[in-house]
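Student: Sending over a structure as structure tokens; questions will come in a sec.
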Amino acid sequence: MEQQNTNVEFVTGEYEDKTVNKVITPKDIRTMAWRSLLLQASFNYERMQANGWLYTIMPGLRKIHKNENDLKKSMAMHLEFFNTHPFLVTFISGLILAMEESKERIDTIRAIKVSTMGPGGGIGDAVFWLTLLSICGGVGASFSLNGSWLGPVFFLVLFNVVHFALRFGLASYGYKMGISAIKSLKDQTRKLAHAASIVGLTVIGAMTASYVKLDSGLQLTRYVKGTAEPFVYTLQGSLIDPIMPALLPLLWTMFILWRIKKGSSPLRLVIMTVVFGLFCTLLPVVVKMAFGVDIIDPAVLDVRMGIETAAQAVGQ
């Protein structure tokens, strides 16, 4: 039985046919962008997105390389390891297609492809997963919490409008800018990352204030001679809110973040949050039963203890 040679040989050098013709049209760019939707259809742990990458640019390569040997070299090179963000891949594919059309050296095309897939993955994660997904999901969740059915619809429409606009726009941008786009991207990367961080932190801060519920019901009652009603001081309304509204949710969020950085398991933190909530709920009940003192609003305490209030009795 003939033994199969499994050694990998990297294609290097120049193409045999160095004739440069402009054959890529806007329709080819749009076709490339549509095909990029299947980038991860044959994802594998050996070469990751390599098959989907070649499928994305294959129509363009067939129009560029009429020499059969050049087409084989190009296909072999593009089947090498490739992995980047699936939404920003069209910028790289447009850039590489422009270099293929210019019949650049195979080594140079490979170097540009490898050097851009890493930054593309990092920028894509920051823009799409950490920023766009948080904003669209947060706004959609707000609709749903208010009882509107537009929540999931708003999320899907807004997220995909931005997603497809960038996918097709970057494909054309990458092809038109060619190699010069790399320098432009490097110059703007720091500003883009800084802007994305500001937007992301703003969204996370707003979500913390809106969705993390932690209020203190502790109160101090003071009876003064000559007055019919006692003075009631609440920890939340009299002390915390004047200093900074939503201070307690922020402190709890920062505590959870600190524990995550220390290596605590998220599951353990969830269980700890539930236990802390039960403890704070039951503590006023225990104090009332043991010492007969109301440390929170008596109406709220009656509800927790299952005592029928006067208002409920009148309603019945």
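The values are calculated or read from the model by the stated rules, or taken from the named source; none is laboratory data. Fair warning: this is a prediction, and the values are worked out from it, not measured in the lab. Methodologically, a virtual Cβ is constructed for each residue, glycine included, from the backbone with ideal geometry; neighbour enumeration extends over all protein chains shown. Just the protein is used for accessible areas: all its heavy atoms, side chains included, with ligands, DNA and RNA removed. Shrake-Rupley method; radii C 1.70, N 1.55, O 1.52, S 1.80 Å.
Student: Give the ranking of Ile57, Ile271, Ile295, Ile243 by solvent-accessible surface, highest area first, calculated with a 1.4 Å probe.
Tutor: Putting Ile57, Ile271, Ile295, Ile243 in descending order of accessible area: Ile243, Ile271, Ile295, Ile57.
Student: Just to verify a number: FRET efficiency for Phe43 and Leu247, C-beta to C-beta distance, R0 = 45 Å, to 0.05?
Tutor: According to the calculation, E is roughly 0.50.
Student: Accessible area per residue of region 1-146 at 1.4 Å probe, in Å²? Show your work: numbers first, answer last.
Tutor: On the way: 7670 Å² over 146 residues.
Accessible area per residue: 53 Å².
Student: Residue by residue through region 128-140, what is 3J(HN,Hα) from phi via Karplus (6.51 cos²θ - 1.76 cosθ + 1.60, θ = phi - 60°)? Round to whole Hz and write x for glycine and proline.
Tutor: Per residue, the Karplus-derived 3J(HN,Hα) values read 8, 6, 8, 10, 4, 5, 5, 5, 5, x, x, 5, x Hz.
Student: Now, a different point. Heavy atoms only, 1.4 Å probe, whole protein assembly: order Trp129, Trp53 by accessible area, highest first. Intermediate values should be presented prior to the final figure.
Tutor: Working: Trp129 100, Trp53 0 Å².
The ranking, largest first, comes out as Trp129, Trp53.
Student: Using only the Cα atoms of region 7-155, construct the convex hull and provide its projected area averaged over every direction, in square nanometres to one decimal.
Tutor: It is 10.5 nm².
Student: To continue, here is another question. Sort 286-293, 212-219 by packing, meaning the average of other beta carbons within 10 Å per residue, with the highest value first.
Tutor: Highest-to-lowest ranking by the protection proxy: 212-219, 286-293.
Student: What are the residues whose amide H is under 5 Å from the amide H of Tyr15, where those residues sit 5 or more places off or on another chain and H is modelled from the backbone?
Tutor: Distant-sequence amide H within range of Tyr15: Ile106.
Student: Between Ala76 and Ser148, what FRET efficiency follows from the Cβ-Cβ distance if R0 is 51 Å, with the result rounded to 0.05? Let's see the in-between values first.
Tutor: Values: r = 53 Å, r/R0 = 1.05.
With R0 = 51 Å, the Cβ-Cβ based efficiency is 0.45.
Student: Along each of its three principal axes, how wide is the spread of alpha-carbon positions in region 89-149, in whole angstrom units, largest first?
Tutor: Result, largest extent first: 59, 19, 8 Å.
Student: Further question on the same structure: Probe of 1.4 angstrom, ligands and nucleic acids ignored: what's the accessible area per residue over region 214-265, in square angstrom?
Tutor: 77
Student: With charges only on Cβ, +1 for K and R and -1 for D and E, what is the dipole size of region 43-165 about its Cα centre, in debye, rounded to 20? Could the numbers behind the result be given before it?
Tutor: On the way: 10 positive and 9 negative charges, 56 e Å.
Dipole magnitude for region 43-165 comes out near 260 debye.
Student: Cα centroids of region 39-91 and region 229-245: how far apart, whole angstrom?
Tutor: 64
Student: Rounded to the nearest 10 Å², what accessible area does Arg35 show when all protein chains are kept and the probe is 1.4 Å?
Tutor: Approximately 70 Å² for this residue.
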